[in-house]
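Trainee: For reference, the structure I am asking about is given below.
The values are calculated or read from the model by the stated rules, or taken from the named source; none is laboratory data. From a predicted model like this one, the values you see are computed outputs, not experimental measurements. In this analysis, Cβ positions are derived from the backbone assuming ideal geometry, glycine residues included, and neighbour counts consider all displayed protein chains.
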Amino acid sequence: MASTLTGRRALVTGAAGGIGAAIARRLLRDGARVMIADIDATGGARTARELGEPCVFQAVDVASEGTVVNLSSIFGVTGLPAFPAYSAAKGSIANLTRLLDTEAAAESLRQREAAAARQPIARQCSPDEIAVAVAFLASPDASFVTGVLLPVGGGFLAQGDWRGPGQAA
Ligand SMILES: NC(=O)c1ccc[n+]([C@@H]2O[C@H](COP(=O)([O-])OP(=O)(O)OC[C@H]3O[C@@H](n4cnc5c(N)ncnc54)[C@H](O)[C@@H]3O)[C@@H](O)[C@H]2O)c1
């Protein structure tokens, strides 16, 4: 099967480790040329070495940069009690994604958002399961998908009450 991202270039921020590194690995596997960026210069350089060619690293503080696929959280949809700042920041990503989508339309940029949850139905989500969603959103297969939120939460949002046993409201 042909790689879906051959000829594409991707910039993955926050990719020294965690989900960002998994996304970079997946995009490389799908044929993209990948630049990873992170505020952690040591960790970023180490991850780029591990991922190998054609992955390069650039130390950067993304507080001054933009993104196309934004990584949010299920708690940007439901809110997480006792974490108002996190919930507000993640919730704002949905609106930012929609706003940037309309502003970027003239430049043919498509804004998408992947929302990750730590507690899906019966187990934790793996970084690779987030990475495959990002790879899809970045691929030509998603050419008519834009300005949307794609929850990657194992049915998390389908639950009427997200609290588990012993976590009464
Ligand atoms: N891990 C989870 O269970 C989970 C769940 C829901 C949402 N998320 C979201 O997914 C994203 C990644 O999560 P993770 O678990 O991989 O996090 P992580 O902490 O493992 O990785 C985050 C990376 O971002 C880098 N970083 C932080 N500030 C930066 C800046 N200003 N400029 C450049 N790089 C910077 C860090 O150095 C680090 O390498 C986050 O936005 C997180 O909120 C994660």
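Trainee: What are the pairs with Cβ atoms under 8 angstrom where one residue, in segment 47-63, is farther than 17 Å from ILE19 by Cα and assigned to a loop (DSSP other than H, G, I, E, B) and the other, located anywhere, is of a type in the set (Lys, Arg) and more than 15 Å from the ligand (Cβ to nearest atom)? Sequence gap at least six, or different chains.
Mentor: Note: pairs meeting the criteria are PRO54/ARG33.
Trainee: Hey, another quick one. Here is a list of conditions, (1) within 15 Å of the ligand (Cβ to nearest atom); (2) without any contact (Cβ under 8 Å) to a residue 40 or more places away in the chain, and GLY14 meets all of them except one; can you say which number that is?
Mentor: (2)
Trainee: Sticking with this one: Under the condition of being within 7 Å of the ligand (Cβ to nearest atom) and surrounded by fewer than 21 Cβ atoms within 10 Å (Cβ to Cβ), which residue from segment 17-36 is nearest to ASP128 (Cα to Cα)? Before the answer, list the steps.
Mentor: Restricting attention to segment 17-36, the residues satisfying the condition of being within 7 Å of the ligand (Cβ to nearest atom) are 17-20.
Imposing the further condition that a residue be surrounded by fewer than 21 Cβ atoms within 10 Å (Cβ to Cβ) reduces the set to 17-18.
Details: GLY17: 12, GLY18: 10 Å.
Across segment 17-36, the extreme among qualifying residues is GLY18.
Trainee: Follow-up question, since we're still on this one. Could you please let me know if LEU5 is out of contact with any strand residue (DSSP E or B) (no Cβ under 8 Å at 6 or more places or on another chain), at pLDDT 90 or above, within 19 Å of ALA135 (Cβ to Cβ) and crowded, with 20+ Cβ neighbours inside 10 Å? Please lay out each step first, then the result.
Mentor: On the way: out of contact with any strand residue (DSSP E or B) (no Cβ under 8 Å at 6 or more places or on another chain): yes; at pLDDT 90 or above: yes; within 19 Å of ALA135 (Cβ to Cβ): yes; crowded, with 20+ Cβ neighbours inside 10 Å: yes.
In short, yes.
Trainee: Please indicate, with yes or no, whether at least one residue in segment 75-85 is within 20 Å of ALA135 (Cβ to Cβ) and modelled with pLDDT under 85.
Mentor: Taking segment 75-85 first, the residues within 20 Å of ALA135 (Cβ to Cβ) are none.
Scanning segment 75-85, I find no residue that is within 20 Å of ALA135 (Cβ to Cβ) and modelled with pLDDT under 85, so the answer is no.
Trainee: If we scan segment 52-74, do we find a residue that is surrounded by 13 or more Cβ atoms within 10 Å (Cβ to Cβ), farther than 29 Å from ARG33 by Cβ, at pLDDT below 90 and within 18 Å of the chain's Cα centre (by Cα)?
Mentor: yes
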